[in-house]
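Worksheet for the structure shown next.
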Amino acid sequence: MKFYFAPLEGIAGYIYRKAYHDFYGGGICKYFTPFIAVSQNGLTKRKELEEVSPTNNKGMAVVPQLLGNKGREITGYLYCLQEMGYEEVNLNIGCPYQTVVSKKKGAGLLADTDYLNKFLEEVFADAPVAVSVKTRIGMERAEEFEKILEVYNQYPIAELIVHPRVRADFYKNSPSLSAFSYAVQKSRAVVCYNGDIFTQKAYQGIIKDFPGVDRIMLGRGLLANPGLLLEILSGAPGEPASEKEKLKAFHDRVYQDYRGVLSGDTGVLFKMKELWNYMQYLFTDREKHIKKIRKASRAAEYERAVESLFGCCEMVPGAGFGEG
């Protein structure tokens, strides 16, 4: 089985990615970057260049993800990324947020299959690298996916990563396994599953239902439990005490690395609090400690709150995102 790390906007950038890879990432085959918003100016923004810099991604197989709706603009980025050494680039055709969808980007492309077809025609007319697609199954109804997949099947998509929710779901409701089954049966491109694998049990359910699928993308499940993939590969949760020690060392690495590139406490604490929105589920009796973490406005306050949580709370073996 091939495992991929999902392109999680705002949190799974190169700082987090490098630390994760060093502590937990031996089983990850590909890391997908948070999306880069394509523009007519090309790949020039410092933050985006840092994200895809080969220096910041040493030792990892990284796939840049692009968000756009003009094929010719995408092409310029493909050539630039090829020059940086990338052999694959991913297209985001699934982001559900209104600021993206209203511009006919992300999942917004799924509302108009004629426009989607024109967009992909321009991309694949002159693509110097392999192009994969991460998609949802429609805007409002799963039945839309049949027509969407007909469009995808016209192009040499390197890989079709399917998050089987419609845009209207955002991240609620359950993924449509019937829509994913349709993709497995009808897609000309090899298919990867993505969606709600938060525990080893959930992973086992997907591979039982789809024994022919040989690639899985993990996202929020890894943020909530960085050791999830190791649990999947070993078949059991790790020993709680040693896992807590490892998680603390991982947390400290991420925290210090953010402090090394961001000025002031505010930006660093914003990043770390966002991470705790996920990792909190690993701990018992966490509420008062998480509250202190969220209220912290200075680094010293934050550090005391984190030390208190790790000192007072036990880890929950096999915990997953949103549980407990």
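The values are calculated or read from the model by the stated rules, or taken from the named source; none is laboratory data. What you are looking at is a predicted structure, and each value in this text was computed from that prediction instead of being measured. Ideal geometry is used to build each Cβ from the backbone, glycine not excepted, and the neighbour counts take in all protein chains shown. Side chains included, ligands, DNA and RNA excluded: accessible areas come from the protein's heavy atoms. Shrake-Rupley method; radii C 1.70, N 1.55, O 1.52, S 1.80 Å.
To the nearest 20 debye, what charge dipole does region 174-240 have about its Cα centre, counting +1 at the Cβ of each Lys and Arg and -1 at the Cβ of each Asp and Glu?
Approximately 300 debye in magnitude.
How large, in percent, is the carbon and sulfur part of the accessible surface of the chain at a probe radius of 1.4 Å?
Numbers: 7120 of 14530 Å².
The value for the chain is 49 percent carbon and sulfur by accessible area.
With +1 on the Cβ of every Lys and Arg and -1 on the Cβ of every Asp and Glu, and nothing else charged, how large is the dipole of the chain about its Cα centre, in debye rounded to the nearest 20? Intermediate values should be presented prior to the final figure.
Details: 42 positive and 39 negative charges, 140 e Å.
Dipole magnitude for the chain comes out near 680 debye.
What whole-number value in Å² describes the accessible area per residue of region 255-324 for a 1.4 Å probe?
Ligands and nucleic acids excluded, the figure is 54 Å² per residue.
Is there a pair in 2/288; 134/208; 18/147; 246/271; 18/45; 45/70 whose C-alpha atoms are over 29 Å apart, and which pairs would that be?
Too far apart for the 29 Å limit: 2/288; 18/147.
Need one word for region 192-324: rounded, prolate or oblate. Basis is the Cα gyration tensor (sqrt eigenvalues a ≥ b ≥ c); a/c below 1.5 gives rounded, then a/b vs b/c decides.
Working: a/c = 2.39, a/b = 1.79, b/c = 1.34.
Judged from the Cα gyration tensor, region 192-324 comes out prolate (a/c at least 1.5, a/b above b/c).
Please compute the net charge surrounding residue 15, taking Lys and Arg as +1 and Asp and Glu as -1 over other residues with Cβ under 11 Å from its Cβ.
Here the count lands on +2.
Putting +1 on Lys and Arg Cβ atoms and -1 on Asp and Glu Cβ atoms, find which of 116, 161, 175 reaches farthest to the positive end of the dipole of region 61-178.
Comparing the listed Cα positions along the dipole, 175 ranks first.
May I ask you to list the residues of region 295-324 whose amide nitrogen lies under 18 Å from a point 7 Å from Cα along the Cα→beta-carbon direction of residue 285?
Under cut-off, by backbone N: 305-317, 324.
Select from 11, 34, 198 the residue farthest towards the positive end of the dipole of the chain; place +1 on Cβ of Lys and Arg, -1 on Cβ of Asp and Glu, and compute about the Cα centre.
Projecting each Cα onto the dipole axis, the largest value belongs to 11.
Suppose we flag chymotrypsin sites (Phe, Trp or Tyr not before Pro) only when DSSP calls them loop and at most 15 other Cβ atoms lie within 10 Å. Which is the longest uninterrupted stretch of the chain?
On the way: sites that count: 97, 170, 171.
The longest such stretch corresponds to 172-324.
Once the principal axes of the Cα atoms of region 154-205 are found, what is the range along each, listed largest first in whole angstroms?
Principal-axis extents of the Cα atoms in region 154-205, largest first: 33, 27, 17 Å.
Report the longest stretch of the chain that contains none of the trypsin sites (Lys or Arg not before Pro) sitting in a DSSP loop with at most 12 other Cβ atoms within 10 Å.
Value returned for the longest uninterrupted segment is 173-297.
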